[in-house]
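Quick notes on the structure that follows.
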Amino acid sequence: MAAMLRGIDVSNWQGAVDWDHHADNGVSFAFAKATEGSTFTDKWFGRNWTGMRESWMVCGAYHFARPAGDPETQAGHFLRAVQRAGGMRRGDLLALDLETNDHLPARRVAGFARRWCQAVVDQAGVRPVIYTFLTFALNGNCAGLEGYPLWIAAPDDPRGRPDVPGPWDRWTIHQHSHIPVDRNVFRGTRADLTSLGYRRRRNVRDIL
């Protein structure tokens, strides 16, 4: 099996996170919740974003999707929160946490997710990672998202060997444990991981 990077993900439920401690214990990347829906911003996100960066981790931010809302509005809310926290640097990652259907049919959920992802690509130039779990994807809620990297929540599967639901044929990040914090692995190098992240767009001034 190829070498795997170790990561964690956090939200306001963890409160203050000791990022230096995690870095000293081999954590190479992390995701922090930034927003949910169209109005909620995680009060710990700014501190977490700074802490990840200062600990030399690959930094990731995620948005908890509310498919009953407007996807473009939620994408804008998410990206503004990241900007307020200090903005993006080369290799930073963005993700959509897609795990609730808000009582909508699967085609509506998948349509929301596709529009949210496209808005992020258009506004930030980053192809977001999709966080979801097996049964949610198998129920059709992720249709059309196979072009985005899969972050699969599968704590009951062996680390680095999760079941992969359609429409994907491979995993990118495996959330393999929730104890004592959500733990993840990425199969590849740091350079492989950051290649999925932010690149500053070139404009006419850059070319000239």
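The values are calculated or read from the model by the stated rules, or taken from the named source; none is laboratory data. No experiment lies behind these values; they were computed from the predicted model shown. Cβ: placed from backbone, ideal geometry, glycine included. Neighbour counts: every protein chain shown. The accessibility values were calculated without ligands, DNA or RNA, using every heavy atom of the protein model including side chains. Shrake-Rupley method; radii C 1.70, N 1.55, O 1.52, S 1.80 Å.
Can you name every residue in the stretch 8-34 that is aromatic (Phe, Trp, Tyr), part of a helix (DSSP H, G or I) and in contact (Cβ under 8 Å) with a residue 24 or more places away in the chain?
Selection gives Trp19 alone.
Note down all Cβ pairs under 6 Å where the first residue falls in the stretch 62-82 and is under 12 Å from Val120 (Cα atoms) and in contact (Cβ under 8 Å) with a residue 60 or more places away in the chain, the second is among the small types (Gly, Ala, Ser) and surrounded by 17 or more Cβ atoms within 10 Å (Cβ to Cβ), and they're at least six residues apart or on different chains.
Between residues of the stretch 62-82 that are under 12 Å from Val120 (Cα atoms) and in contact (Cβ under 8 Å) with a residue 60 or more places away in the chain and residues that are among the small types (Gly, Ala, Ser) and surrounded by 17 or more Cβ atoms within 10 Å (Cβ to Cβ), the close pairs are Tyr62/Ala95.
For the stretch 35-129, please list each of the helices (runs of 4 or more DSSP H) lying entirely inside it that holds at least 2 residues being within 28 Å of Asp20 (Cβ to Cβ), under 15 Å from the mean Cα position of the chain (by Cα) and at pLDDT 95 or above.
45-54, 71-84
Quick check, is Pro149 in contact with a strand residue (DSSP E or B) (Cβ under 6 Å, 6 or more places away or on another chain) and over 13 Å from Ala75 (Cα atoms)?
Numbers: in contact with a strand residue (DSSP E or B) (Cβ under 6 Å, 6 or more places away or on another chain): yes; over 13 Å from Ala75 (Cα atoms): yes.
Criteria met by Pro149.
Of the conditions (1) surrounded by fewer than 22 Cβ atoms within 10 Å (Cβ to Cβ); (2) modelled with pLDDT of 95 or more; (3) in contact with a Ser or Thr (Cβ under 9 Å, 6 or more places away or on another chain), Gly7 fails just one. Which one is it?
Of everything listed in (1) surrounded by fewer than 22 Cβ atoms within 10 Å (Cβ to Cβ); (2) modelled with pLDDT of 95 or more; (3) in contact with a Ser or Thr (Cβ under 9 Å, 6 or more places away or on another chain), Gly7 misses just condition (1).
Among the candidates Trp116, Trp19, Trp49, Trp13, which residue alone is open to solvent by 20 Å² or more (accessible area, probe 1.4 Å) and hydrophobic (A, V, I, L, M, F, W, C)? Outline the logic, then answer.
On the way: Trp116 fails: open to solvent by 20 Å² or more (accessible area, probe 1.4 Å); Trp19 fails: open to solvent by 20 Å² or more (accessible area, probe 1.4 Å); Trp49 fails: open to solvent by 20 Å² or more (accessible area, probe 1.4 Å).
Matching residue, one of Trp116, Trp19, Trp49, Trp13: Trp13.
Restricting to the stretch 124-137, count the residues that are open to solvent by 10 Å² or more (accessible area, probe 1.4 Å) and either on the phi > 0 side of the Ramachandran plot or in contact with a Gly (Cβ under 7 Å, 6 or more places away or on another chain) (or both).
Here the count works out to 1.
Let me spell it out: the conditions are (1) farther than 22 Å from His174 by Cα; (2) surrounded by 22 or more Cβ atoms within 10 Å (Cβ to Cβ), and Cys59 meets all of them except one. Which number is the exception?
With (1) farther than 22 Å from His174 by Cα; (2) surrounded by 22 or more Cβ atoms within 10 Å (Cβ to Cβ) applied to Cys59, the lone miss is (1).
Evaluate the following for Gly91: is it open to solvent by less than 20 Å² (accessible area, probe 1.4 Å) and under 22 Å from Ile152 (Cα atoms)?
Details: open to solvent by less than 20 Å² (accessible area, probe 1.4 Å): yes; under 22 Å from Ile152 (Cα atoms): yes.
Yes; evaluated as a whole, the condition is true for this residue.
Between a residue in the stretch 145-160 that is within 17 Å of Ile8 (Cα to Cα) and any residue that is open to solvent by less than 20 Å² (accessible area, probe 1.4 Å) and polar (S, T, N, Q), which pairs come within a Cβ distance under 6 Å, given they are 6 or more apart or on different chains?
Once the first residue is within 17 Å of Ile8 (Cα to Cα) and sits in the stretch 145-160, its partners that are open to solvent by less than 20 Å² (accessible area, probe 1.4 Å) and polar (S, T, N, Q) give Ala153/Gln175.
Within the stretch 22-36, can you find the residues that are under 21 Å from Ala75 (Cβ atoms) and open to solvent by less than 10 Å² (accessible area, probe 1.4 Å)? Spell out how you get there, then give the answer.
So in the stretch 22-36, the residues under 21 Å from Ala75 (Cβ atoms) come out as 31-36.
Correct list: Phe31, Ala32, Ala34, Thr35.
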